[in-house]
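Report on the following structure.
Derivation of every value follows stated rules applied to the coordinates shown; laboratory data play no part. Computed from a predicted model, the values in this text were never measured in an experiment. Heads up, the Cβs are rebuilt from the backbone with ideal geometry, glycines too, and the neighbour counts pull from every protein chain shown.
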């Protein structure tokens with residue numbers, strides 16, 4: 001073989017080896033690496049922040065009424081006097097009350113015990129929903145009332161309790177709030193690097209073994 005041809009083949013071999021090594025190196029960088037398992041406490045804090053922002057807000061109104069029972073007088077004549085007062089000028093109040101209600105996860109109950117990580121798979125038990133009611137006194141309309149200040153406060157307390165029970169009994173509203181929270185939490189966990197996100201019933205059962 002002529003010397004110049006030998007040198008040319010040698011250079012070609014070096015180039016081919018260099019290209020092959022570069023290709024292998026590129027593949028090693030391109031190959032997907034398994035996500036590092038995040039610190040559970042930090043992960044729970046991220047979930048709390050996302051879920052807190054995803055609280056469902058609704059505005060409700062309700063017509064409420066309150067008629068306080070006469071208190072015991074302690075004597076026969078006192079009872080008669082109370083009966084006369086209730087018959088002539090009975091205490092009663094009616095109002096149209098508005099409220100802002102926020103419905104979201106009870107994040108005070110979310111702990112690392114409700115998170116289970118296995119590679120790129122995470123199981124999470126989200127806590128139950130919690131409703132917070134804030135009355136809107138500036139929008140409240142008193143329709144008819146001869147209540148004193150303490151009785152009026154009781155009227156609004158009854159209204160707040162009624163709003164709370166109504167929201168907690170509204171299955172459609174509860175489903176909307178939970179679906180919204182799950183959607184945002186899932187998006188967060190996929191961004192962190194998990195490939196499979198499963199929501200399991202609350203509370204999560206103890207780990208086996």
### Query
Using 7 Å Cα-to-Cβ label points, what is the residue 176/residue 151 separation (nm, one decimal)?
3.7 nm
### Task
Stick to Cα atoms and the Kirkwood definition of Rh, then tell me Rg/Rh for region 37-199.
1.24
### Task
Estimate the FRET efficiency between residue 183 and residue 161 by the formula 1/(1 + (r/R0)^6), using the beta-carbon distance for r and 45 Å for R0, to the nearest 0.05.
0.90
### Message
What distance in nm lies between label points placed 7 Å from Cα along the C-beta direction at residue 144 and residue 65?
### Response
0.8 nm
### Message
Highest mean first, how do 136-142, 40-46 rank when packing is the count of other Cβ atoms within 10 Å averaged over residues?
### Response
40-46, 136-142
### Modelled FRET efficiency - R0 22 Å, residue 111 with residue 58, Cβ distances, 0.05 increments
0.20
